[in-house]
1. Inspect segment 37-49 for any residue being buried (at least 17 other Cβ atoms within 10 Å of the Cβ) and within 24 Å of Ser156 (Cα to Cα) and give the result as yes or no.
2. Given the criteria of a type outside the set (Val, Ile, Thr) and not in a helix (DSSP H, G or I), does Glu84 qualify?
3. Based on this model, can you work out whether Pro320 counts as within 16 Å of the ligand (Cβ to nearest atom) and either under 30 Å from Gly192 (Cα atoms) or at pLDDT 95 or above (or both)?
4. Filtering segment 161-195 down to residues that are within 16 Å of the chain's Cα centre (by Cα) and either away from the ligand (no atom under 16 Å from the Cβ) or surrounded by fewer than 20 Cβ atoms within 10 Å (Cβ to Cβ) (or both), which residue is farthest from Asn331 (Cα to Cα)?
5. Among the numbered criteria (1) touching a Phe, Trp or Tyr at 6+ places or on another chain (Cβ under 9 Å); (2) at negative phi; (3) among the small types (Gly, Ala, Ser), which single criterion is violated by Ser156?
6. Going through segment 194-248 one residue at a time, which ones are closer than 23 Å to Ile133 by Cβ, in contact with a helix residue (DSSP H, G or I) (Cβ under 6 Å, 6 or more places away or on another chain) and outside any helix (DSSP H, G or I)?
7. Take Asp291 and decide whether it is farther than 30 Å from Leu16 by Cα, more than 16 Å from the ligand (Cβ to nearest atom) and not polar (S, T, N, Q).
Amino acid sequence: MSDIPTIEFTITNDNLDTGLRGYPVGTCETSYVDPQEGVSYVGYPIAELAFSPAEDIIHLLFNKSLPTDAERKGVADDIAERSEVSAEALEAIAAMPMSGHPMDLFCAAIQILGMTGKTDDYYEDALNLVARIPTALAVIFRQREGWGERIPSEPSRGYVNNFVHMLGMPGGDEAALTRLLSVYYNLHADHGGGNLSTFTGRAVASGLADMYRSMASGMNALAGPRHGMANQDAFKMVREVDTEDPEVAYQTLKQRLADGGLIFGFGHAVLRQEDPRAKVQLGVGEELCPDDHWFKAVKAVREGGIRALKENPKVSNPYPNVDLISGSLVNALGFTDPDYYTTLFGWSRISGIGAQIVDERTRARNGRGVAIYRPRYIPINQPQRSIDG
Ligand code: MLT
């Protein structure tokens, strides 16, 4: 383990009930979020990794190095070998109530995969889940959207193209979808140890719950509107604003703020500049859907939102985060129901959370693993009493 820098952090009353903001509580070997530069995976800035094969990101997060050509093929072969989902699991996933929200189906599918295939080895279960979740998510899409029978997995296509193949989106452009979802996968895979979904997964695993239970917990955390579900709410907001004119977007969002409304897809607990993941997505949009109305609309919202938020001196970060633009891109390529957007985020984040749980359970504290999370809460409104009066 590399030397841990000396940290001094004084907790005062002002830190209570602040969501642990800024508290150093553990170590992370997979990624770091710099307030100015944004996220890097094992030291590589995200903008340098955005267009890599997904197999490179999986290798980097789990092995802490970018793969050689041979190692990249090894990742693809390993995922192929792990990717089979049992008939029992497929039947159970397809039988779920498709009236449910896609994130509820996604979280339940993770538990079904655990019930039918866990090994109780954190590393094995993490990679098995990375390999099998695309099949499960494709079944959810096809069953819930009525796109037809399940399309069998063809792992030799590569991790992302096989997912696009299994989705079999009617009218979908396979090449464009593979391009977009490959970048999408890389951008959403990891974001330090403290984001809510990762922190939750690590916390649940600290009680020695298995990978599937821990991951399902993390994905339920991701389903919160302040976290991963912000991408669906950001796109719904873009559709409400519905303009390609930055001035109109500015006036609309300024009024929304004045009325006490929320603006989704801006700001961040750690970042103090525009999220580099948002900048990469802008470039992908100019490449894949430059003339799409909603892509033009989200660019207007981006410009108008920054301007409106900058007028409030209390806003520490008026800039877009990863969630502002992603919805307009996946919508342009055929994912027209925002309720699915967080499942795509979860599909990717499973790799980062999985790698961090493996690290915390098997590498932290010289391999002893981290103790069960047990932070201290200060009692209030509890004067000493006795039932005897
Ligand atoms: C993420 O990628 O998890 C989000 O930006 C939220 C966070 O980092 O807290």
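1. Yes - at least one qualifying residue is present in segment 37-49.
2. Against the criterion (of a type outside the set (Val, Ile, Thr) and not in a helix (DSSP H, G or I)), Glu84 qualifies.
3. yes
4. This residue is Gly192.
5. (1)
6. The answer is Ala223, Pro225, His227, Gly228, Met229.
7. Working: farther than 30 Å from Leu16 by Cα: yes; more than 16 Å from the ligand (Cβ to nearest atom): yes; not polar (S, T, N, Q): yes.
So Asp291 passes the test.
So that you can scan it fast, the table gives a plain yes or no per residue for (1) within 30 Å of Gln111 (Cβ to Cβ); (2) crowded, with 18+ Cβ neighbours inside 10 Å; (3) not small (Gly, Ala, Ser):
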| site | (1), (2), (3) |
| --- | --- |
| Met229 | yes, yes, yes |
| Leu288 | no, yes, yes |
| Glu311 | no, no, yes |
| Val322 | yes, yes, yes |
| Ser328 | no, yes, no |
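The values are calculated or read from the model by the stated rules, or taken from the named source; none is laboratory data. This structure is a prediction, so every number in the text was calculated from the model and none was measured. Reconstructed Cβ throughout: ideal geometry from the backbone, glycine too, with neighbour counts over all protein chains shown.
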